[in-house]
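Trainee: A single structure is presented below for examination.
Nothing in this text is a laboratory measurement; each read-out follows from the coordinates by a stated rule. Please read all numbers here as calculations on a predicted model, not as lab measurements.
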Amino acid sequence: MDARAIIKLTRDAVENAEARGITGISPESLKSLLANLESAVTSSSGADPQVAAASLEQYRTQLILFVDQQRHVQAWQLENFRSVVTLGQAALKSIILINGGAAVALLAFLGHLVADGPLTNAPAPIVESLYRFVLGVLLASLASGTTYASQYCYAYTGSIWYQRAAIALHIGTVILVASSYGLFFAGAYHAYCGFIGAS
């Protein structure tokens, strides 16, 4: 196998991969490809043309398998990323709905107390729980914004600073969502204490 045939095979494999939508190849896979190429060149040097042609065809088959494997890995990674994004969106929507619904329920309860007669002093635990629910909605809304910002920074691969900012925003988003869940539980506990104290 001569150098031109090797270059042509490699170029064909890269163009084939590009046509299938593969934009990146892992270093391990590239090393494996080069090792196969090296063994094909070593085994075909000094061999008769029929053996060299068979070796070339074997190498071509290995390249096709390699490209298919890379396409499969890339498709799996893309689907995994989509599922993570979908689950994150569902978590944000649910915490906004949970905290918002709890705040509306407490407002309705306070409205009912006011309708029964003048309310001189609202039960402190009820007001504290309302505050926590509203703050939980605010934190979840902020988490939606930091999610967008972190995805923007992840997509921008031109600078290490963007990657670091993406990781920091990602961690910040997780902390905001966890805090929002914590505020819901604290608000629910204070509401419970307020109802127990009112009865």
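Trainee: Divide the volume of the convex hull of the Cα atoms of the chain by its number of residues and quote the answer in cubic angstrom per residue. Intermediate values should be presented prior to the final figure.
Mentor: Working: hull volume 28.4 nm³, N = 199.
Hull volume over Cα atoms, normalised by residue count, gives 143 Å³.
Trainee: Rg/Rh for the stretch 85-198: what does it come to with C-alpha atoms and Rh from Kirkwood?
Mentor: Rg/Rh for the stretch 85-198 comes to 1.17.
Trainee: In degrees, nearest 10, range 0 to 90: what is the angle between the Cα axis of helix 124-155 and the longest Cα principal axis of the chain?
Mentor: 20
Trainee: Something else now. Working from Cα positions, state the angle (0 to 90°, nearest 10) between the long axis of helix 160-198 and the longest principal axis of the chain.
Mentor: 30
Trainee: Please give the helix 49-116 orientation as an angle from the longest Cα principal axis of the chain, in degrees from 0 to 90, rounded to the nearest 10.
Mentor: Tilt of helix 49-116: around 0 degrees.
Trainee: For the chain, what is the mean residue ellipticity at 222 nm derived from helices alone (per DSSP H run of n ≥ 4: -39500 (n - 2.57); sum divided by total residues; nearest 500 deg cm²/dmol)?
Mentor: On the way: 5 runs with 174 residues, N = 199.
Theoretical 222 nm ellipticity from helices: -32000 deg cm²/dmol.
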